[in-house]
Amino acid sequence: MYSLTFSTLEWLDVFTRKRYKDIVVESLAYCQQEKGLELYSWVLMSNHIHLIARAKASYKFLDILRDFNKHASKQIIKLIEEEPESSRDWLLVVMLKAGVANGKNSKYQLWRKINHPIELYSNEVINHKIDYIHNNPEIEGMVERTEN
């Protein structure tokens with residue numbers, strides 16, 4: 001089991017719009033149903049997502065993460081390109097600059113390449129990471145109380 005953080009490039013606040021958040025949620029649900037993702041705790045912030053997850057037996061965790069990142073980023077970038085978005089031009093410029101610099105991309109890049117995986121090896125570490133995930137929205141001022 002691992003704790004991971006996926007962050008947007010330049011800490012772009014992409015997930016302030018519901019339609020982009022929905023893509024992340026749908027992508028996680030798909031990976032749970034079809035790709036063998038076991039998701040224990042997660043939170044989606046304005047520019048990053050924290051997860052505690054692992055792969056079911058016979059599935060490869062790195063393959064699941066790759067597929068999640070690829071699918072979610074393609075769908076989000078497509079929406080940014082096609083739908084009215086007040087910061088569309090700026091977002092696309094930042095993502096294009098990073099995408100061109102990274103030879104693995106065909107055009108745009110949404111996610112930073114570092115996801116900080118931390119293996120969770122004890123109940124104490126697991127509880128610490130779960131508390132961090134659950135408290136993050138309150139710490140960042142997204143909600144007034146953790147329960148929310």
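Derivation of every value follows stated rules applied to the coordinates shown; laboratory data play no part. Keep in mind the model is a prediction, meaning the values are calculated, not measured. In this analysis, Cβ positions are derived from the backbone assuming ideal geometry, glycine residues included, and neighbour counts consider all displayed protein chains.
Overview of results
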quantity: Simple spin-label estimate for N123 and Y30 in nanometres, 7 Å along Cα-Cβ; calculated: 3.8
quantity: Rounded Å value of the spacing that divides the Cα centres of the range 87-148 and the range 21-74; calculated: 12
quantity: Charged-residue dipole, Cβ positions (Lys, Arg, Asp, Glu), the range 1-51 about Cα centre, Debye nearest 20; calculated: 140
quantity: Three principal axis lengths of the range 30-148 [C-alpha, angstrom, descending]; calculated: 44, 41, 26
quantity: Long-range amide H partners of L120 with built H, under 5 Å; calculated: Y2, S3
quantity: Expected 222 nm ellipticity per residue - DSSP helices of 4 or more, -39500 (n - 2.57), all of the chain, to 500; calculated: -16000 deg cm²/dmol
quantity: In sequence order, calculated HN-Hα J values of the range 114-121 (Karplus, 6.51, -1.76, 1.60; Hz; x Gly/Pro); calculated: 9, 10, 6, x, 10, 6, 9, 9
quantity: The range 2-139, dipole about Cα centre (Lys/Arg Cβ +1, Asp/Glu Cβ -1), debye to the nearest 20; calculated: 460
quantity: Amide proton proximity set for S46, modelled H, under 5 Å, gap of 5+; calculated: none
quantity: Nonlocal amide H pairs with S41, under 5 Å, H built at 1.01 Å; calculated: I52
